[in-house]
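The next block holds one structure in the form of structure tokens; read it before the comments.
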Amino acid sequence: MAEQAGVTAPRVLGVLGDEDALGTGFVMARAEGETLPHKILGNPDFAEAEAGLSTACARELALIHALPRDGLPGDIQTVTERQLLDQQEAAYREVDGAIPIFDHAFGWLERHLPPPAEPKLVHGDFRMGNLMIDSDGISAVLDWELAHFGDPLEDLAYLCTPSWRFGHYEKEAGGFDSAGNLIAAYEAASGTTVDRARFDWWLVYNTVWWGVACLRMGHSYRDGSAHTLERTIIGRRVSEVEIDLVLQFEAMRDTESRPIEWAEPPLLPETGEVAYAEILNALIEWDREKVMPGLEGHPLFEARVANNALGIAQRAAAWGGIFAARQAQRLDALDIGHGAFCKALRGGHRDLADDDLFDHLRLSALERLSIDQPKYGGLRVAKTRWRIK
């Protein structure tokens, strides 16, 4: 139905049945293009397509949100803002999440919960990576399995989630444009006016959603449902979301954040006995120089994941104890323990307007992300904004 209504969705040619013995699925018409964001964004071959992506995405979303319920599958669920928020917090509590800025975000989302929107069809996963792009623009909208009825601004804000900017952090809309330009294009395409406060609520929600998804994927390694090295690395991506949320809430503060002093300690010692971080450094070099050159395909991908994991372990060995001591000292100065701090933020009993408190959140985010993913775009932006050299 989406394809018939003008959405650039591949035509479904056939739905698999029990007699096919291939599981659940369908056969669709072949679409040509590229889906990998790092091959699209900033690539001269896609420059013209990238320049028009705000208009193209706005058009696709407007058409999707205008699809009438009649004619759509009857099992598509309607989900309210309240239900989605409750589901995410329940998942966060289930894995014993205890990340202060996450707890603050859940409290903020609850206190600013918007009234229910008129339900429209929502794609649910509309982002770079799920859009096939050719030289002319969008050639296919893919991955519809999260579709539901809800607030259309969920889709619009989802495209602006920091993790979906793929290295182009300052371009809020998918790494290709500003959020303002995307919103203006959507308003023109849909004939509606976007409530910016409601959009901001969904932006925080979608950011938290991805953070909880990372926590759950990390937990899937523990429970054996997806016992792979990759899942442990994704589990550590919560620190990316941590700095994303700090930056989002910083923009809401009434006063400008004060400069903070922070620097990475030395990674490797110059004297004394061999350090654990040096052993891990040797493994990183061995994997990169001796293993990777002889691999291709998925084995090469796994070797790169292993190299990333070794880097995290190396930085944790060198800095983990130092950063943990610093965080404990800051909490002592705030006269509160970590668990109580999370609860106070969730309940709104401690305020981000407190400069010392907010400095602790900023420094903790810097420290954790410097260990987990030092190349993440949000870390670069945070260091620039906070005037850290």
- Note on the structure: Of the candidates SER225, SER239, the one satisfying the condition of being under 30 Å from LEU109 (Cβ atoms) and surrounded by fewer than 16 Cβ atoms within 10 Å (Cβ to Cβ) is SER225
- Task: Look through segment 129-165, keep the residues that are under 14 Å from THR207 (Cα atoms) and among the aromatic types (Phe, Trp, Tyr), and return whichever of them is surrounded by the fewest Cβ atoms within 10 Å (Cβ to Cβ).
- Result: TRP164
- For segment 20-45, name all the residues that are of a type outside the set (D, E, K, R), in a helix (DSSP H, G or I) and within 15 Å of GLY129 (Cα to Cα). PRO37, HIS38, ILE40
- Query: Conditions: (1) open to solvent by 30 Å² or more (accessible area, probe 1.4 Å); (2) closer than 19 Å to ILE99 by Cβ; (3) touching a residue at least 40 places away in the same chain (Cβ under 8 Å). GLY320 meets all but one. Number of the miss?
  - Reply: (1)
- Would a scan of segment 260-283 turn up a residue that is over 19 Å from PHE323 (Cα atoms), surrounded by 15 or more Cβ atoms within 10 Å (Cβ to Cβ) and at pLDDT below 95? no
- Item | Hits in segment 341-358 - residues which are under 18 Å from ASP254 (Cβ atoms) and among the small types (Gly, Ala, Ser) | GLY348, ALA353
- Message: Taking the criterion of being in contact (Cβ under 8 Å) with a residue 24 or more places away in the chain and either in a helix (DSSP H, G or I) or of a type in the set (D, E, K, R) (or both), would at least one residue in segment 288-299 satisfy it?
- Response: no
- If a residue has to be farther than 20 Å from PRO10 by Cβ and buried (at least 18 other Cβ atoms within 10 Å of the Cβ) to count, how many in segment 31-45 make the cut? 1
- Message: Name the single residue that is modelled with the highest pLDDT among those in segment 69-92 being open to solvent by 70 Å² or more (accessible area, probe 1.4 Å) and under 12 Å from PRO119 (Cα atoms).
- Response: GLN77
- Item | Close pairs from segment 242-266: first part of a loop (DSSP other than H, G, I, E, B), partner loosely packed, with under 13 Cβ neighbours inside 10 Å, Cβ under 6 Å, at least 6 apart | PRO259/ARG387; PRO265/ILE322
- Any chance you could count how many residues in segment 180-216 are buried (at least 21 other Cβ atoms within 10 Å of the Cβ), among the small types (Gly, Ala, Ser) and under 16 Å from the mean Cα position of the chain (by Cα)? 1
- Item | Near pairs, Cβ below 7 angstrom, 6+ apart or cross-chain, from segment 366-389 (under 16 Å from GLU256 (Cβ atoms)) to any residue that is of a type in the set (D, E, K, R) and open to solvent by 30 Å² or more (accessible area, probe 1.4 Å) | VAL381/GLU170
- Hey, among the residues in segment 46-58 that are open to solvent by less than 50 Å² (accessible area, probe 1.4 Å) and not in a loop (DSSP other than H, G, I, E, B), which one's nearest to ASP143 (Cα to Cα)? CYS57
- Query: Across segment 59-108, what is the number of residues that are in a helix (DSSP H, G or I) and among the aliphatic types (A, V, I, L, M)?
  - Reply: 10
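The values are calculated or read from the model by the stated rules, or taken from the named source; none is laboratory data. What you see is a predicted model, and the numbers here were worked out from it, not measured in a lab. Note: ideal-geometry Cβ built from the backbone for every residue, glycine included; neighbour counts use all protein chains shown. Accessible surface areas use protein heavy atoms only, side chains included; no ligands, DNA or RNA. Shrake-Rupley method; radii C 1.70, N 1.55, O 1.52, S 1.80 Å.
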